[in-house]
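Q: Quick one: the structure is below, and I'll ask about it shortly.
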C-alpha cells in the first residue's frame, strides 16, 4: 500500500510539473496538456481506456455547470457590447474628468470596473485605452499609470462568477454552483472597489505632483485647457470603426435602457438565487438577441462572432475536467497531499493556503493562470485539508492573492493587447506596476482574513 502511494505521488508530480513547465515554455496549449499528459500518466500506472472514460465522466460532472455558464455569459456580454451598452458610459465618464488629473485617475478606475463587467480583459482594454490614452498624453500623465489603474480595477471585477479565475476555482474544488462560491467573496470585492478608488486618488495626487515638478523644470509644458469634448468626439469615431453597432433595433433610443434593465435583472436573479447562473445567462442571451437583433441572420452572425471566445474557455475548462478527474479518481492528489504532510511542519500546515495566497501575484509571473488554478490549487487544497482547512477557505485565499495580479502577468494575452494599445513596454510596465499590485493583493488577503472570508 505504501509503495502504491509513492508511485501515485511520483506520477502525480510528474504530470503536474510537466503541464506547468510546458505551459510556461509555451510548448503546449492548456487543452492539449491537460488532456494528454494525465491520460498517458494513468495508462503508465496500469489503467485502461475504460478507466479513462470513467475519470473523464467524473471530471466532467465537476465542471459542466461552469462550462455552460461561461459560454452563455461571454455571449451575453458580447451582445451587450455589440449593442453599444458600454460606450455611452465610457463617454460620460470621460466628460466628468474635465481635465483634472486626480479625477482622471478615479474615472480610469471606474471605467476599468464597468468595462470588465463582461469578464473579458481584451474588451476592457479595447473600450478604455483608445479613449483615455489621448487624455493622458494631453495632461502629461504616465501611460503606465493608465495601465496600472485599468488592470487593478478590472482584476477586482474579474471575481464575478463568469470571470475565468472564479470559474476555474469552482471547477477545482468541485463547487457545482459557482454563483454560491462568489457570494462569499462579494464583501471582499466591494471593499476592493472602495480601496482601488482611494488608491486612484492617492496615485492621482502623486501624479499631479510629478507633473508639476516636470512643468517647473521645463520638461513639459503646462496643459491646463484640454478640449475634453474633442477627445470624446475622436473616441466615438474610433469606436464606431472598431466596434460598429449592429442590428436595426439598437438604433432606437429606448434600447440601451432595456439592455441595462435586462443586465441588472440577470444579476439580481443570480444574487437572489432565483435561478443558477447558467440558466440566467442562457435565458438572457435569448432575450438579448430578440431585443437587439430581430433579424435571424443577424442573430446567427452575433452568435458566430462570440462563439470562438466562449468555446475556447469552455474547451479549457472541459480539459481541466479530464485533468482533475484523473488526478482525483486515481488517488494521485490525495497521495501528493499525504506525502507533503510528512514534509511540512505542523505549525505551517494550517497556514499553507495563506502563504501561497501571499505569493499569488509573483506566482502569476512564474506560471500561467491555468497552471496556477489547475495545478497548484489542487495540491494546496488537498494538503491544507489534511490540517482541517476547508476547501472554500483555501480557494478564497489563493483566488484573492492571485486575481489582483491578473493583468501584470506576461502570460495574459489581454495584457499584451493593452501594452500595444498604450504604446508601452512590457518590462517597463511590470517594473512600474508589480509592487503596487502585489502590495494591493496582500492588503486584500489580510482584509479577507479579518472579516472571516479566509479562515485557518
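Q: Using 0.36 nm times the number of residues separating residue 307 and residue 103, minus their current alpha carbon distance, what extension gain do you get?
A: 69.7 nm is the gain from fully extending residue 307 to residue 103.
Q: Let's test the formula: R0 of 35 Å, r as the Cβ-Cβ distance of residue 261 and residue 210. What FRET efficiency results, to the nearest 0.05?
A: Working: r = 43 Å, r/R0 = 1.23.
E(calc), rounded to 0.05, equals 0.25.
Q: What does the extension gain come out to for residue 60 and residue 183, with contour length at 0.36 nm per residue minus their alpha carbon separation? Walk me through the intermediate numbers first.
A: Working: separation 123, 0.36 × 123 = 44.28 nm, distance 2.36 nm.
41.9 nm is the gain from fully extending residue 60 to residue 183.
Q: For region 150-224 and region 400-456, what is the separation of their Cα centres, given in Å?
A: After rounding, the separation between the Cα centres reads 9 Å.
Q: Could you calculate the contour length gain from residue 49 to residue 193, that is, 0.36 nm times the residue separation minus the distance between their Cα atoms, to one decimal place in nm?
A: Values: separation 144, 0.36 × 144 = 51.84 nm, distance 4.85 nm.
Separation in residues times 0.36 nm, less the Cα-Cα distance, equals 47.0 nm.
Q: In nm, to one decimal, how far is the residue 13 label point from the residue 142 one, both placed 7 Å along Cα→Cβ?
A: According to this spin-label approximation, the distance is 4.2 nm.
Bear in mind that the values in this text are calculations on the coordinates, not laboratory data. What you are looking at is a predicted structure, and each value in this text was computed from that prediction instead of being measured. Please note: Cβ atoms are built from the backbone with ideal geometry, for glycine as well, and neighbour counts cover all protein chains shown.
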